[in-house]
Amino acid sequence: MVTRTHVSTYQIKVTLVDSKPPIWRRLLVPSTVSLEELHSVLQIAMGWTDYHLHMFRAGDRYFGVPSRDFFDMEDEALVKLNEVLVNEKYSIRYEYDFGDDWRHKIVLEKILPVDPGVPLPCCTAGKRACPPEDCGGIWGYADFLVAIQDPKHPEHQDMLEWVGVDFDPESFDRDTVNTRFAIRY
């Protein structure tokens, strides 16, 4: 993905829908990245572990891994990001884990010229930790936060053992994301 054959660099903002306060990442990616590769970038940037199904939605079009179960699903490997995000301020949806229903809004903030000094993908900013996998979606995550922050909550100890006592919902480390990108790309 670090090849400089792409036409431009996209600055996108990825926000976990209904997260309050917002959980988000700002990323730089090649405009010509396939949606299949963007899925991998989003997994790293948000902190997901790629255990579940996913899809992209642009208007009334759906993109993902082709399957007989989803007849109207277009192959994400064959679609470039600049084919669905054509202009600044356009947005698409990325849905991850159809059970927990993690919905992400991806907004094209800026179309930038290629900078050979910037490795892509790159995370330039973000806020808050990714929710743990399988915590029950955005509403389950809210309940989870209540439990881990209240030592008197009946599920406090179980939740801390499940997620790890060092989980900090306010934590986000851009350098860690970029290190993971450097290892992968």
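The values are calculated or read from the model by the stated rules, or taken from the named source; none is laboratory data. Here the structure is a predicted model, which is why all the values come from computation and not from measurement. Counting neighbours? That spans all protein chains shown, and the Cβs are built from the backbone with ideal geometry, glycine included.
Taking into account only those residues within region 115-132 that are of a type in the set (D, E, K, R) and within 13 Å of the chain's Cα centre (by Cα), which is nearest to ARG25 (Cα to Cα)?
We begin by selecting, within region 115-132, every residue of a type in the set (D, E, K, R); these are 115, 127-128.
Checking the rest, the ones that are also within 13 Å of the chain's Cα centre (by Cα) come to 127-128.
On the way: LYS127: 7, ARG128: 9 Å.
Among them, the one singled out is LYS127.
If you take the residues in region 138-150 that are aliphatic (A, V, I, L, M) and touching a helix residue (DSSP H, G or I) at 6+ places or on another chain (Cβ under 7 Å), which one is surrounded by the fewest Cβ atoms within 10 Å (Cβ to Cβ)?
Applying the first criterion (aliphatic (A, V, I, L, M)) to region 138-150 yields 138, 142, 145-148.
Still in the running and touching a helix residue (DSSP H, G or I) at 6+ places or on another chain (Cβ under 7 Å): 147-148.
Working: ALA147: 19, ILE148: 21.
Here the answer is ALA147.
Can you give me the number of residues within region 29-38 that are out of contact with any His (no Cβ under 6 Å at 6 or more places or on another chain), in contact (Cβ under 8 Å) with a residue 40 or more places away in the chain and crowded, with 19+ Cβ neighbours inside 10 Å?
Restricting attention to region 29-38, the residues satisfying the condition of being out of contact with any His (no Cβ under 6 Å at 6 or more places or on another chain) are 29, 33-38.
In the following step, the residues that additionally are in contact (Cβ under 8 Å) with a residue 40 or more places away in the chain were identified as 29, 33-36, 38.
Those still in the list that are crowded, with 19+ Cβ neighbours inside 10 Å too: 29, 33-35, 38.
Counting residues in region 29-38 that are out of contact with any His (no Cβ under 6 Å at 6 or more places or on another chain), in contact (Cβ under 8 Å) with a residue 40 or more places away in the chain and crowded, with 19+ Cβ neighbours inside 10 Å gives 5.
So, of the residues in region 158-175 that are surrounded by 13 or more Cβ atoms within 10 Å (Cβ to Cβ) and assigned to a helix (DSSP H, G or I), which turns out to be nearest to the chain's Cα centre (by Cα)?
The qualifying residue nearest to the chain's Cα centre (by Cα) is ARG174.
Can you tell me which condition GLU109 does not meet? The list is (1) out of contact with any Cys (no Cβ under 8 Å at 6 or more places or on another chain); (2) not in a strand (DSSP E or B), and all the others hold.
(2) is the only condition that GLU109 fails.
When HIS153 is evaluated against the numbered criteria (1) touching a helix residue (DSSP H, G or I) at 6+ places or on another chain (Cβ under 7 Å); (2) part of a helix (DSSP H, G or I); (3) not assigned by TED's automatic domain parsing to the domain that holds LYS20, which criterion, by number, is the only one it fails?
HIS153 satisfies every listed condition except (2).
On the given criteria, is VAL41 in a strand (DSSP E or B) and either hydrophobic (A, V, I, L, M, F, W, C) or under 13 Å from the mean Cα position of the chain (by Cα) (or both)? First the steps, then the outcome.
On the way: in a strand (DSSP E or B): no; either hydrophobic (A, V, I, L, M, F, W, C) or under 13 Å from the mean Cα position of the chain (by Cα) (or both): yes.
Answer is no for this residue.
Conditions (1) more than 13 Å from the chain's Cα centre (by Cα); (2) at pLDDT below 95, marked per residue:
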position	(1), (2)
MET1	yes, yes
VAL14	no, no
GLU37	no, no
MET46	no, no
TYR51	yes, yes
MET55	no, no
PHE63	yes, no
PHE71	yes, yes
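What number of residues in region 133-157 are basic (Lys, Arg) and within 16 Å of the chain's Cα centre (by Cα)? Lay out the reasoning, then the answer.
Within region 133-157, the first condition is being basic (Lys, Arg), and the residues that meet it are 152.
Checking the rest, the ones that are also within 16 Å of the chain's Cα centre (by Cα) come to none.
Within region 133-157, residues that are basic (Lys, Arg) and within 16 Å of the chain's Cα centre (by Cα) number 0.
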